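Notes for the one structure printed next.
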Amino acid sequence: SEPPLAPPPVRRGAKPRSAWILALAGRDDDDPPRALGVVGGAILVAILLVAGSLRLHRLADVPAGFFCDEASIGYNAYSILETGRDEHGMAFPLYFRAFGEYKNPVYIYSAVASIAAFGLDEFGTRFPAAAYGTLTVLLAFLVGRRLFGRDAGLVAAGLLAVSPWHVHFSRIAFELIALPFYFGLGLWLLLSGLARGSRARLVLAGLAFGVSLYTYAPARLFVPLFLAGFAVLFRRDLARDRRGAWLGLAALALAALPQVVYTLRNPERVQARWTSISGISTEAPLAESLRSVAERYASHFSDDFLFERGDPLKRHAVRGHGELYRSLLPWLALGLVAILSQRARSGWLLVWWLALFPVAASLTRETPTATRTIDAIPVFELIAAAGVLGLGRLLRARFPAWPALARTSALGLLLGLPVLLEFRSYLDAYFVEYPIVAAGGVDGFQHGYRDTVRYMERHRAEYDLLMLTATDVNQPEILALFYGRREPAEYQATRETGYRVSIPEEYGRYPEGAHILYALRPEDLRYFQRYTPRLRVVAPDGSVSFVVAEVAGRRPMLLDWRVLGLLPRGDGTPPPDVVDAAAPGRSALPWKAFRSPLANLDLNRLFADQAQANGGNPEHACAYLWTTVEVPAAAAGLLTIFGSPDPVTVWWNGARLSAFEPSREFPSRSPVALRPGANQLLIRSCENDGDWNLQVALGDAKEEPLPGLRLDATVPEPPR
């Protein structure tokens, strides 16, 4: 009878025109599996050394920076190590609360051991990713050998060792990287347990699949669907040992039970996370929702995603490279031909896997995504390995006189040389260009916190208050905890990070006169009249990530206004009734009083309710801002305007000032003469697209606050 997992033999008497397909789809007589041997063992060790080196080399510094999710995982693991509780004081939680969601436990508990060994730093937190990644390469060999034989396993492992998709996430402390390992472990144990008649392996397979459910949310859909397909394809093998199959299923159910209980007890937590990422609208027609899901599903098989650019989020992929090497494409095609021609269960299992991997991701909004499709690893490499072996069989059938070494060398050149060329390009992109590209920005790795927080901790005793900017950042509190190595027990008791986080334009959040050390973005410095830089943290691209500065006087910003808008752009000349608005009781225009809580006047937000047709984002329109500046005596002043690069026109006491060209980085200034009593300031700003904001400051000639200055932006009564 046929061995449990062996493909059927090649059909005899086929027509000559299909002989090449039969050769491609055939199998070796001693597959599966085949003894590893000395040469095979040496090759496998070499592959694992390459895989480990790629995943450990400069692990603490590439990617440059440390994302808030990584810091959250690291600090929670540290907290468990020190106190047995997470950052919120929960003892050994099943799921870890962070940033409005709940993180899966497997990676965090794995990081406890590595942080105990290496300390609370980037390497200690990222090490489990590198370890899981390297071990998954070994599992690719074991699964490939079980499905198609030793050589297929070696090819699959070699391809996965250098895969951009897998290398990338084997170097970041994201919980998702544990999914391919535990799923691959479960699959290997299941296949080998059926082949060997080992109930112990079937039970261990159930436990491994159960653990995979706690690695990353998509596993909760992918794993059950995959196992359902497996049960259909291998129903005869499962029937040979019903008790072993039921024991394995019981082990899976037992492992999944805590998750089921947690979900039933906390449905609002599960629902909240699903609502935040769901791509299915309950208000849209069913046909439209299904079409949207189908489009998102198909996007994961696109050339752009797989071979050209990969995941569009720069934190998730290297620009200029797809998730796979393009040189794999012909081998994937050959592999599919071989698999579909064989009609063997092992091949159809890979087809089922290939069909399933985008399912969970297609139900969410942001697609294509390399994170929520991490369950694709290593199916592409296994299919490509089937293609390599198929071509090897074809060469043996067509050129039987060739020595085995010649055929192997030909295959090695056909597969290895193109992959090596792309791999070389990827290494340059990842280790040279990627640290520069992905260091900064909210969609990058938040470079600069390590040097910033460690400097501020060294000088903590010298200041009344340590502050972190909230400009263009993600969850800076957790990075302060991580790099400050805040004692977990103390933090659990006080909930104090030791830092105050605020956007510098929100003046009311920090006291006047306090001795403050503030970590700021360079553009934040505009809000301070006096500051002394203590440290500049430079990003890999040469830009400044943070300026750590002593801050004192704030720039005298104007926060009281009356506003009028939205208006057509016109020719730039204010109509008489706009000018007349300065005189109480003379204008019937709908001015509104506006007291800004921030130094930044966000006009997009202010006029959002008047731009509903454009999603609340005003474009190609103008607005006027008016205020009265009162001073007790004549003075020379300096008017300063920052903001989005939109056209701005300014009138001071009815006279038009020289052109203002505001930008985020550089102020636009003009001297003004203040007369005793009331002075009128009128600003016209016109939106093009994108951001629309202004920051307006008025001080003396040295930009110091003007003594006795008072603003009056009272909206005048309309004429009777």
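Listing for the model above:
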{"quantity": "Positive minus negative residues near Phe174 (Lys, Arg vs Asp, Glu; Cβ under 9 Å)", "calculated": "-3"}
{"quantity": "Computed lengthening from Asp560 to Val501, 0.36 nm per intervening residue step minus Cα-Cα distance", "calculated": "18.7 nm"}
{"quantity": "Cβ-Cβ FRET estimate between His459 and Leu290, R0 fixed at 51 Å, reported to 0.05", "calculated": "0.30"}
{"quantity": "Contour minus Cα-Cα distance for His57 and Val232 (0.36 nm per residue)", "calculated": "58.7 nm"}
{"quantity": "Net charge of Cβ neighbours under 12 Å - reference Pro540; Lys, Arg +1; Asp, Glu -1", "calculated": "-3"}
{"quantity": "222 nm mean residue ellipticity, helices alone, for the chain (DSSP H n ≥ 4; -39,500 (n - 2.57); rounded to 500)", "calculated": "-14000 deg cm²/dmol"}
{"quantity": "Exposure ranking of Arg58, Arg605, Arg145, Arg309 by accessible area [1.4 Å probe, largest first]", "calculated": "Arg605, Arg309, Arg58, Arg145"}
{"quantity": "Mean shadow area of region 601-690, taken as a quarter of the surface of its Cα convex hull (nm²)", "calculated": "6.2 nm²"}
{"quantity": "Cα-based reach from Lys314 at 13 Å (exclusive), listing aspartates and glutamates while leaving out same-chain residues under 8 positions away", "calculated": "Glu323, Glu433, Asp443"}
{"quantity": "Solvent-accessible surface (1.4 angstrom probe) belonging to Lys592, in square angstrom, nearest 10", "calculated": "80 Å²"}
{"quantity": "For region 613-619, 3J(HN,Hα) per residue [Karplus equation, 6.51 cos²θ - 1.76 cosθ + 1.60, θ = phi - 60°, Hz, x = Gly/Pro]", "calculated": "5, 10, x, x, 10, x, 9"}
{"quantity": "Free-standing Cys residues across the chain, given no other cysteine C-beta under 4.7 angstrom", "calculated": "Cys68"}
{"quantity": "Region 158-257: projected area of the alpha-carbon convex hull, averaged over directions, in nm²", "calculated": "6.8 nm²"}
{"quantity": "Two-decimal Rg/Rh across region 202-340, once Rg and the Kirkwood Rh are taken from alpha-carbon atoms", "calculated": "1.04"}
{"quantity": "Full-extension gain in nm, Val544 to Thr263, via 0.36 nm per residue minus C-alpha separation", "calculated": "96.7 nm"}
{"quantity": "Solvent-accessible area of Met557 with every protein chain in place, 1.4 Å probe, in Å² to the nearest 10", "calculated": "20 Å²"}
{"quantity": "Computed Kirkwood radius, in angstrom, where 1/r is averaged over Cα pairs of region 351-413", "calculated": "14.1 Å"}
{"quantity": "Distance between region 138-189 and region 40-110 - C-alpha centres, whole angstrom", "calculated": "18 Å"}
{"quantity": "Estimated FRET transfer efficiency when R0 is 56 angstrom, pair Glu433-Ala655 (beta carbons, to 0.05)", "calculated": "0.60"}
{"quantity": "Amide H within-cut-off set for Ser545, under 5 Å, with H built and near neighbours excluded", "calculated": "Val537, Val538, Ala539"}
{"quantity": "Nearest-0.05 FRET efficiency for Ala42 and Ala489, computed from C-beta distance (R0 56 Å)", "calculated": "0.65"}
{"quantity": "Exposed chymotrypsin sites (Phe, Trp or Tyr not before Pro) absent: longest stretch of the chain, with sites in DSSP loops and at most 15 other Cβ within 10 Å deemed exposed", "calculated": "464-720"}
{"quantity": "Cβ-based net charge around Pro418, under 13 Å, with every Lys or Arg adding one and every Asp or Glu removing one", "calculated": "+1"}
{"quantity": "Cα pair distances in the chain, grouped into 20 Å bins until the bin that holds the longest one, percent each", "calculated": "15, 39, 29, 14, 4, 0"}
{"quantity": "Heavy atoms of Asp464 accessible to a 1.4 Å probe, total area in Å² rounded to 10", "calculated": "110 Å²"}
{"quantity": "Rough spin-label spacing in nm, given labels placed 7 Å along Cα→Cβ, for Trp402 and Ala298", "calculated": "3.9 nm"}
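The values are calculated or read from the model by the stated rules, or taken from the named source; none is laboratory data. Note that the structure is a prediction, hence the values are computed from the model and not measured. Note: ideal-geometry Cβ built from the backbone for every residue, glycine included; neighbour counts use all protein chains shown. The protein model used for the area step is the full one, side chains on, heavy atoms only, and it has no ligands, DNA or RNA in it. Shrake-Rupley method; radii C 1.70, N 1.55, O 1.52, S 1.80 Å.
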